[in-house]
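Notes follow once the structure below has been shown.
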Amino acid sequence: MNVGPKRPLRIGRIDYANVWPVFHHFDPSSLRYPAELVPAMPAVLNRKLREGDIDLATISSFAYGVSSDAYYLLPNLSVSALGPVQSILLFMKSPLEKVVRGRIALTTTSATSVNLLKIIMKKFYGGDPVYEDAEPSLERMLESADAALLIGDHAIRASWSNPGYRVLDLGDVWHLWTGHWMTFALWAVRKETADARPEEVMSVYEGLLESKRRTASDVESLVHKGVRQIGGTPDYWRGYFRTLRHDFGPGQQAGLMQYFRYARELGLINGDVSLNEWPYASSTGNPTQPQVKL
């Protein structure tokens, strides 16, 4: 892949509300070097970053684990929760005792959540259900399955219109069984890009941190955006953003390493995973930015 200076850096952005606190005030046109946003679903960004079609991106934590040797992590950035996350939801039309040995329809949009569900089913409940991929439509998913996994804005909307299905919040289940944070997404940059174009990558990184900082003092703009673009009430969105954290400190790192250990035990991932922060960013002493507080 050509990573020469003439092409703008390509930045992958997940089109979900859970990354708004980092991207809300991020404007590529205001950076010191040319850059462009590439919005897509997590699974698409996972593939594009792996194949070199984009240079850095918000990607599924699981996708980082699979290709960690090729990436650096941008410090102090993640999508994490300690307990309920409200947008990684398993909707069950059958009792849990049947679901763990039944059929589960899976969203095809994220690798972290799919594999978190497999860990929960096997390690925590001793189950071995049949999994089938499906488009993220709750009613169609449950036509032939005992349960359906939805993530992101699809899960949020389905939780509002839920006609009576029992719902498991996977972040809540993870925390109850492990006591750990769960980190669903990370900001990663291809090593070849970071090594060849460090000043340009730093410009993007600083822009993301500044956007996160500004959002922390402007939460109501996110609340209004949620109501306007997705629906719901202001109180719902205040609670939603309160549950999320977007730094990546020792607690989040410990929880993610536990996730990777379980994934390796179940054969979902091969080999050990290292959390490789970008050395250039770490050497500049960029501080951890404030989090959204309501």
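The values are calculated or read from the model by the stated rules, or taken from the named source; none is laboratory data. Everything numeric here is computed off the predicted structure, so don't read it as measured data. Neighbour counts run over all protein chains shown; Cβ positions are idealised from the backbone, glycine included.
Each row is one residue, and each column tells you yes or no for (1) of a type outside the set (S, T, N, Q); (2) in contact (Cβ under 8 Å) with a residue 40 or more places away in the chain.
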| site | (1), (2) |
| --- | --- |
| ILE104 | yes, yes |
| THR112 | no, yes |
| GLY127 | yes, no |
| GLU135 | yes, no |
| GLY152 | yes, yes |
| TYR165 | yes, yes |
| LEU170 | yes, yes |
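Any residue at all in region 164-187 that's closer than 30 Å to ILE11 by Cα and in contact with a Phe, Trp or Tyr (Cβ under 6 Å, 6 or more places away or on another chain)?
yes
Being out of contact with any strand residue (DSSP E or B) (no Cβ under 9 Å at 6 or more places or on another chain), in a helix (DSSP H, G or I) and surrounded by fewer than 18 Cβ atoms within 10 Å (Cβ to Cβ) is the filter here; which residues of region 259-280 pass it?
Result: ARG261, ARG264, GLU265.
Could you tell me which residue of region 93-110 is farthest from LEU256 (Cα to Cα), considering only residues that are in contact with a Phe, Trp or Tyr (Cβ under 7 Å, 6 or more places away or on another chain) and crowded, with 22+ Cβ neighbours inside 10 Å?
Checked region 93-110; the qualifying residue farthest from LEU256 (Cα to Cα) is ILE104.
So, GLY12, is that one of a type outside the set (Ser, Thr, Tyr), in contact with a helix residue (DSSP H, G or I) (Cβ under 6 Å, 6 or more places away or on another chain) and at pLDDT 95 or above or not?
Working: of a type outside the set (Ser, Thr, Tyr): yes; in contact with a helix residue (DSSP H, G or I) (Cβ under 6 Å, 6 or more places away or on another chain): yes; at pLDDT 95 or above: yes.
It is true that GLY12 is of a type outside the set (Ser, Thr, Tyr), in contact with a helix residue (DSSP H, G or I) (Cβ under 6 Å, 6 or more places away or on another chain) and at pLDDT 95 or above.
Out of all the residues in region 200-219, is one or more surrounded by 15 or more Cβ atoms within 10 Å (Cβ to Cβ) and either touching a Gly at 6+ places or on another chain (Cβ under 9 Å) or not assigned by TED's automatic domain parsing to the domain that holds PRO42 (or both)?
No - not one qualifying residue is present in region 200-219.
Scanning for something more than 18 Å from TRP160 (Cβ to Cβ), aliphatic (A, V, I, L, M), out of contact with any helix residue (DSSP H, G or I) (no Cβ under 7 Å at 6 or more places or on another chain) and touching a residue at least 60 places away in the same chain (Cβ under 8 Å), does region 254-261 turn up at least one residue?
Yes, some residue in region 254-261 is more than 18 Å from TRP160 (Cβ to Cβ), aliphatic (A, V, I, L, M), out of contact with any helix residue (DSSP H, G or I) (no Cβ under 7 Å at 6 or more places or on another chain) and touching a residue at least 60 places away in the same chain (Cβ under 8 Å).
Any chance you could count how many residues in region 37-72 are in a strand (DSSP E or B), farther than 17 Å from ILE269 by Cβ and more than 15 Å from the chain's Cα centre (by Cα)? Spell out the reasoning first.
Just the residues of region 37-72 that are in a strand (DSSP E or B), to begin with: 37-40, 56-60, 71-72.
Filter once more, so that each one left must be farther than 17 Å from ILE269 by Cβ: 37-40, 56-58, 72.
Retained after the next criterion (residues that are more than 15 Å from the chain's Cα centre (by Cα)): 37-38, 72.
Summing the residues that are in a strand (DSSP E or B), farther than 17 Å from ILE269 by Cβ and more than 15 Å from the chain's Cα centre (by Cα) in region 37-72 gives 3.
Please identify the pairs in which a residue from region 47-75 that is closer than 17 Å to ALA196 by Cα and small (Gly, Ala, Ser) has its Cβ atom under 8 Å from the Cβ atom of a residue that is at pLDDT below 95 and in a loop (DSSP other than H, G, I, E, B), counting only partners at least 6 apart or on another chain.
Going by the 8 Å Cβ cut-off, the qualifying pairs are GLY52/MET1.
I'm trying to understand the selection: among the residues of region 180-232, which are touching a helix residue (DSSP H, G or I) at 6+ places or on another chain (Cβ under 7 Å) and polar (S, T, N, Q)?
Within region 180-232, THR183, THR193, SER211, THR215 meet the criteria.
For PHE23, which of the numbered conditions (1) touching a Pro at 6+ places or on another chain (Cβ under 7 Å); (2) modelled with pLDDT of 95 or more fails to hold?
Answer for PHE23: the failing condition is (1).
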